[in-house]
Every structure is written in structure tokens, then in C-alpha cells.
1. When only residues in the stretch 107-121 that are buried (at least 16 other Cβ atoms within 10 Å of the Cβ) and among the aliphatic types (A, V, I, L, M) count, which is farthest from P21 (Cα to Cα)?
2. Yes or no: the stretch 7-24 includes at least one residue that is part of a helix (DSSP H, G or I) and either touching a residue at least 24 places away in the same chain (Cβ under 8 Å) or not aromatic (F, W, Y) (or both).
3. Step by step: first the residues of the stretch 12-56, then only those that are surrounded by fewer than 10 Cβ atoms within 10 Å (Cβ to Cβ) and aliphatic (A, V, I, L, M), then the one that is farthest from V188 (Cα to Cα). Which residue is that?
4. Filtering the stretch 130-142 down to residues that are of a type in the set (G, A, S) and surrounded by 21 or more Cβ atoms within 10 Å (Cβ to Cβ), which residue is farthest from V55 (Cα to Cα)?
5. Limited to the stretch 65-94, what total is found for residues that are of a type in the set (S, T, N, Q) and either over 21 Å from the mean Cα position of the chain (by Cα) or closer than 30 Å to R18 by Cβ (or both)?
6. Quick test for you: out of L51, L27, pick the one residue that is within 14 Å of A130 (Cβ to Cβ) and touching a residue at least 60 places away in the same chain (Cβ under 8 Å).
7. All but one of (1) at pLDDT 95 or above; (2) charged (D, E, K, R); (3) farther than 23 Å from Y175 by Cβ hold for E46; state the number of the condition that does not hold.
Amino acid sequence: MTISFDVATHTYRDESGRRLPSVTQILGAVPPWLGRFDLVPADTLEYKRQLGTAVHHATALHDQGVLDYDTLDDAIRPYLDAWCLYRAETGFVPTVIEQIVHHPTLGYCGTLDRIGRTPTAVVLLDVKSADPSSGYLSGPQTAAYLCAYLACTPNHGLPARVQRCSVHLAGDGRYRIVPHTNRRDLDVFKAALELWNFSSPERRISRA
């Protein structure tokens with residue numbers, strides 16, 4: 001199945017044009033993700049959103065070897081430095097970069113940041129530019145990405161055990177790794193997905 005993604009609306013659609021929910025949309029509809037930023041000023045939220053998008057873009061271009069450093073905004077450089085430091089200190093080498101994934105039976109989509117290898121493990125990670133104090137909330141997110149990647153990539157070649165983590169990049173050029181080791185992370189995501197499906201307009205019509 002071919003999945004298209006509209007950046008402007010952050011919308012995933014299948015080949016028939018049907019809109020599919022994303023991992024972040026699904027989790028954002030339930031606690032503790034729901035309402036987390038209600039008290040944050042709108043302009044601050046928008047700045048953080050743009051910063052996160054720019055950091056993701058810069059690190060991806062860097063890993064693909066096509067980043068034009070002359071065009072890099074000074075505000076983004078420390079975050080890229082932090083990413084480069086992470087890679088240098090851990091030996092992480094990405095093999096999958098910013099890939100759209102979908103689960104053909106569960107019906108959700110997302111874009112995983114990286115899958116790669118260190119000298120000791122295969123790792124699926126999410127790149128973050130936010131405070132790592134809430135890093136545990138990314139556990140179900142990374143579990144959902146891994147589940148979808150395995151489902152839509154039959155010849156993935158990954159080992160039975162893939163480590164999951166978030167790498168939080170800071171504006172001072174440092175980073176922090178938040179491991180996601182909770183075996184219930186995927187169960188949490190599936191519970192959120194059940195609630196999403198139960199409350200969707202299509203389901204409400206079918207139950208009427």
C-alpha cells in the first residue's frame with residue numbers, strides 16, 4: 001500500500017484517498033497526552049513546533065549527507081551539534097531515516113525518525129527537541145512505529161529484539177537518551193487506538 005503525506009495539514013492518506021490517523025493524533029486524543037499544552041501560550045507552542053520541525057529536517061539532511069550548512073539557521077546549529085555528538089559517542093549509524101510507516105490491519109500511520117545500529121544493538125529512536133522530563137510519554141509512540149514498520153516491511157531483516165529510545169537534543173549542544181523499555185508500551189498505544197476508532201465519525205454512524 002502506498003501512503004501519501006501532506007506536510008501542510010499533517011495528513012496521511014491511502015491509495016484511495018482515505019484519511020488515516022497518525023500515531024501522534026491517536027495518542028494526543030487520550031490522557032496523559034490530551035491537554036498537556038493547554039496552558040502554554042499559542043505563540044510559544046508554534047515556536048516549539050517550528051523548532052522541532054527544523055531540527056528534525058536538519059538532522060535528517062545531515063544523516064543523508066545533503067545538508068547545506070551555509071543555509072542552517074544559527075538557532076538550529078546547537079541541536080545539530082547535539083545530534084552529531086550523540087552519533088559520535090554512541091556509534092549510532094542510521095539505516096532508516098524519516099520513513100513513513102503504516103499498519104495494514106490496525107489502520108494507522110506515522111513517520112519514524114530513525115532505525116540504526118550501534119556497536120551493540122539495533123535501535124529505533126525518536127529525535128526530540130523538548131524537555132526530557134516527559135520522555136517516558138514517547139514509549140508508546142516508538143512502540144507503535146516499530147509495530148507498523150515490522151508489519152509493512154516483511155523483509156525488514158531486524159533482530160527479534162530492537163531497542164527503543166528518545167534522543168533529546170538541547171540548545172546547549174548536549175543530548176540525553178531516554179530509553180523505552182516498558183513492555184506495555186504497545187498495549188497502551190493499542191488502547192488509545194481502540195478509543196480513537198470507537199469515537200470516530202464512521203463508527204458512530206455504523207452504531208446508529
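The values are calculated or read from the model by the stated rules, or taken from the named source; none is laboratory data. On a predicted model such as this, the values are computed, not experimentally measured, just so you know. Cβ atoms come from the backbone with ideal geometry, glycine included; neighbour counts cover every protein chain shown.
1. Going residue by residue through the stretch 107-121, those that are buried (at least 16 other Cβ atoms within 10 Å of the Cβ) are 108-116.
When the remaining residues are screened for being among the aliphatic types (A, V, I, L, M), the result is 112, 115.
Values: L112: 15, I115: 22 Å.
Out of the qualifying residues, it is I115.
2. Taking the stretch 7-24 and keeping what is part of a helix (DSSP H, G or I), we get 23-24.
Now drop any that are not either touching a residue at least 24 places away in the same chain (Cβ under 8 Å) or not aromatic (F, W, Y) (or both), which leaves 23-24.
Yes, the stretch 7-24 contains a residue that is part of a helix (DSSP H, G or I) and either touching a residue at least 24 places away in the same chain (Cβ under 8 Å) or not aromatic (F, W, Y) (or both).
3. Once the filter is applied, the top-ranked residue is A42.
4. Start the filter on the stretch 130-142 by keeping residues that are of a type in the set (G, A, S), which leaves 130, 133-135, 138-139.
Those still in the list that are surrounded by 21 or more Cβ atoms within 10 Å (Cβ to Cβ) too: 138-139.
Working: S138: 17, G139: 20 Å.
Selected residue: G139.
5. Within the stretch 65-94, the subset of a type in the set (S, T, N, Q) is 71, 90.
Restricting the remaining residues to those that are either over 21 Å from the mean Cα position of the chain (by Cα) or closer than 30 Å to R18 by Cβ (or both) gives 71.
Result for the stretch 65-94: 1.
6. Details: L27 fails: within 14 Å of A130 (Cβ to Cβ).
Every option except L51 fails the conditions.
7. Result: E46 fails condition (1) only.
Let's see how each residue does on (1) within 17 Å of W83 (Cα to Cα); (2) touching a His at 6+ places or on another chain (Cβ under 9 Å); (3) among the polar types (S, T, N, Q):
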position	(1), (2), (3)
G107	no, no, no
L112	yes, no, no
Y149	no, yes, no
V178	yes, yes, no
S199	no, no, yes
